[in-house]
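> Quick one: structure below, then a few questions.
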Amino acid sequence: MRFVISKKIRKIENMFMIYWSILVDGQERTCSKEFDGENMAAALQFSESLRAEQRQGMAIRHITMSCENPNSVGRAGVADPGPEYSWKKRR
């Protein structure tokens, strides 16, 4: 399988993602839901509602939240910041 990634840069609207998996007819299916940067509380509330359904016996697993900060100084992971970023250690 080959993935093609677009080189177009676009503004990131959705900062938070909730991921979970459900068991349907013996098959595990992954699901996700997006939330914009202004709705962290809604994202947390949604993930808690999934956990409540899980506690009631629903076949929901691996509930997790991820965020991507569009105002990050550098790329995700270990990366050097861009040349416009100047930071100096104070002694």
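> Would you mention how many residues in region 19-42 are surrounded by 13 or more Cβ atoms within 10 Å (Cβ to Cβ) and under 10 Å from Arg61 (Cα atoms)?
The total comes to 4.
> Inside region 43-57, can you point out the residues that are among the polar types (S, T, N, Q), open to solvent by 80 Å² or more (accessible area, probe 1.4 Å) and closer than 28 Å to Asn71 by Cβ?
Of the residues in region 43-57, the ones among the polar types (S, T, N, Q) are 45, 47, 49, 54, 56.
Next cut, open to solvent by 80 Å² or more (accessible area, probe 1.4 Å) only: 45, 56.
Residue satisfying the conditions is Gln45 alone.
The values are calculated or read from the model by the stated rules, or taken from the named source; none is laboratory data. Please read these numbers as outputs of a predicted model, since none were measured by experiment. Don't worry about glycine lacking a Cβ; one is built from the backbone with ideal geometry, like all the others, and counts go over all protein chains shown. The area values use the complete protein model at the heavy-atom level, side chains included, leaving out ligands, DNA and RNA. Shrake-Rupley method; radii C 1.70, N 1.55, O 1.52, S 1.80 Å.
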